[in-house]
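Have a look at the structure below before the remarks.
The values are calculated or read from the model by the stated rules, or taken from the named source; none is laboratory data. If you're wondering where the values come from, they're calculated on a predicted model, not measured in any experiment. Neighbour counts run over all protein chains shown; Cβ positions are idealised from the backbone, glycine included.
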Amino acid sequence: MKIPDAMRPMMEVWTHRNYALFMGGMSPALVTLWMQRIGTLWLAWELTKSNTWVGIVVAVDYAPMIVLAPFVGAFTEKSNPVEVQKIAQYLSLVIAAAMAALVFTGLMNIWLLLLLSLALGCVHPFNAISRHTIVPTTVPRAVLPSALATDSALYNAARFIGPALAGYVISQSGVGYTFVANAVGILFYLAGLFAVRIDFTDRTSHGHGGMMSDIVEGLAYVRSHPGIGPLFMLMTIGAIWVRPLQDLLPGFADKVFAAGPEGLGWLTAGMGVGAMLAAGAIAMYGRTHGLTFAVLLAFMINLIATVAFCSTGWLWLAVLCGALWGGALTMMSTGTQALVQSSVDNALRARVMSLYTMIYRGVPALGAIIIGWLADRIGLQLAFIIATLLCVIPWIRAFAKRESITLSLEGHGNNLDERLLAASKAMAGVAYEQMVDLKSRATSLAGIVKQQTKTLAAKARVSKIGEKLQALKQRARRDDLS
């Protein structure tokens, strides 16, 4: 079966051994990780029935990223990230097992859940930053955008599958089994990590200034970069005021939509479906040309989807709005990551990506606490609508700088006439290829028809000659009888 041309960039990355082993081992663990996340959020809601407490649980899971990410980035840049990833998974396995044991024995309470979430939050920086460092080393630079987007597509496919499974497991068997599932998934991931073969012997020790000078250098690089700096700032604004929506979904599922854990699973799964489709689109696109404009547009769509989600009381309409929300968020985050990874100095990659990870995984802790507290007083829907409005002016400022951002990240301008000309040429090229393909198929079909016509004609001639011979034989017999 022929692979469609649009799918080729996404499929090509799997021909690289280390990428296939790394992502193949990680994929099951991503599904079970989302099962555990939904289990943790629902457990926090069951124990307290408070949006504030759910926000605090989210915060202690995310907050260590803010403090540790810059140090972990500098550390990972001088270490073997595969070994760092292995240690992070060992610790995650122990924490998942402890959560399961406490739930099954009936000893779990909100304070123990906070403590274990904090411990897991301290592991997340090592897990996420080493992962961002490993993926670019598993494929050639030419296919890096597709590799990163495929990574994101798998992550967001897990956001769809994991929550749906978690909702079913929680309602049928209990929340403890989501932690058991994650422990099993981690074992699959460790198997993949032990199978990869990546050379990191070029890692060097810290310079004379040590780790702190490395961190300062990374911050200065991001702040002065005309493309990375503005996109990171816009991501930070969104992470504070919009990203917590997915973490405070238990309150929406129970109070707004009265749908319980199954509703929570559907809402989270809807966001995951949209995110998976967006990441798949980036993976099939396979290049950075035009991604800057797409990232900026996705941010505004994310804001619109947030307002739409918070303006309805119908679960299934909210699921659709959540899908749009997840798709726009992933287009923004994955597009930003692809642009940064493709343009960043390799010597600063881990430090820059540690800031990306801190924004994406750590900063939402601030918003979760603020919006969770506000939601307990004025309601979840109104709290998020107010938070969304705070993001409009920062987006307008970033959009005004789109030309300089595009030049620094893509290496060319964002002139609309040039884009339209390039698009028309591309469409003309596609049309020409389709016409050539159609002509070749028509020629082939004509040849087949011609051959079949000749065959039928030959058979007809043979049949006609046979009939004439039969008639002559019968006439000869009559003549003999007479």
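Being part of a loop (DSSP other than H, G, I, E, B) and closer than 20 Å to ARG131 by Cα holds for only one residue in PHE200, PHE188, and it is PHE200. Here the condition is being farther than 19 Å from MET26 by Cβ, assigned by TED's automatic domain parsing to the domain that holds ASN346 and either buried (at least 20 other Cβ atoms within 10 Å of the Cβ) or not basic (Lys, Arg) (or both); of ALA149, ALA220, it holds for ALA220 alone.
Do you know which residues across segment 361-384 are surrounded by 16 or more Cβ atoms within 10 Å (Cβ to Cβ), among the hydrophobic types (A, V, I, L, M, F, W, C) and modelled with pLDDT of 90 or more? The answer is ILE370, ILE371, LEU374, ALA375, LEU380, ALA383, PHE384. Entry remark, segment 334-376: residues being among the small types (Gly, Ala, Ser) and within 15 Å of PHE232 (Cβ to Cβ) number 5 in total. Residue under question is LEU390, and the condition is that it be assigned by TED's automatic domain parsing to the domain that holds VAL135, of a type in the set (A, V, I, L, M, F, W, C) and touching a helix residue (DSSP H, G or I) at 6+ places or on another chain (Cβ under 6 Å); does it hold? For LEU390, the condition - assigned by TED's automatic domain parsing to the domain that holds VAL135, of a type in the set (A, V, I, L, M, F, W, C) and touching a helix residue (DSSP H, G or I) at 6+ places or on another chain (Cβ under 6 Å) - is met.
Checked against the criteria, CYS321 counts as at negative phi and within 20 Å of the chain's Cα centre (by Cα).
Only one of VAL135, VAL139, VAL84 is over 19 Å from GLY176 (Cα atoms), touching a His at 6+ places or on another chain (Cβ under 7 Å) and either in contact (Cβ under 8 Å) with a residue 40 or more places away in the chain or part of a helix (DSSP H, G or I) (or both); which? None of the others qualify; the one that does is VAL139.
Any chance you could count how many residues in segment 45-62 are assigned to a helix (DSSP H, G or I) and either surrounded by fewer than 24 Cβ atoms within 10 Å (Cβ to Cβ) or outside the structural domain of GLY379 (by TED's automatic domain parsing) (or both)?
Here is the first cut: in segment 45-62, the residues assigned to a helix (DSSP H, G or I) are 45-48, 51-62.
Now narrow it down to the ones that are either surrounded by fewer than 24 Cβ atoms within 10 Å (Cβ to Cβ) or outside the structural domain of GLY379 (by TED's automatic domain parsing) (or both): 45-48, 52-53, 56, 60.
Summing the residues that are assigned to a helix (DSSP H, G or I) and either surrounded by fewer than 24 Cβ atoms within 10 Å (Cβ to Cβ) or outside the structural domain of GLY379 (by TED's automatic domain parsing) (or both) in segment 45-62 gives 8.
Which count do you get for residues in segment 123-145 that are buried (at least 20 other Cβ atoms within 10 Å of the Cβ) and of a type in the set (Gly, Ala, Ser)? Qualifying residue count, segment 123-145: 2. Please state which one of LEU315, LEU291 is farther than 27 Å from GLU12 by Cβ and either touching a Leu at 6+ places or on another chain (Cβ under 8 Å) or at pLDDT 90 or above (or both). Of LEU315, LEU291, the one residue that is farther than 27 Å from GLU12 by Cβ and either touching a Leu at 6+ places or on another chain (Cβ under 8 Å) or at pLDDT 90 or above (or both) is LEU315. Take the residues of segment 126-146 that are aliphatic (A, V, I, L, M) and under 13 Å from HIS16 (Cα atoms): which is modelled with the lowest pLDDT? The extreme case among them is ALA142. Within the bounds of segment 165-172, is there any residue that is free of Cβ contacts under 8 Å to residues at least 60 places away in the same chain, under 21 Å from ALA269 (Cβ atoms) and assigned to a loop (DSSP other than H, G, I, E, B)? Checked against the condition, which is being free of Cβ contacts under 8 Å to residues at least 60 places away in the same chain, under 21 Å from ALA269 (Cβ atoms) and assigned to a loop (DSSP other than H, G, I, E, B), segment 165-172 yields no hits at all.
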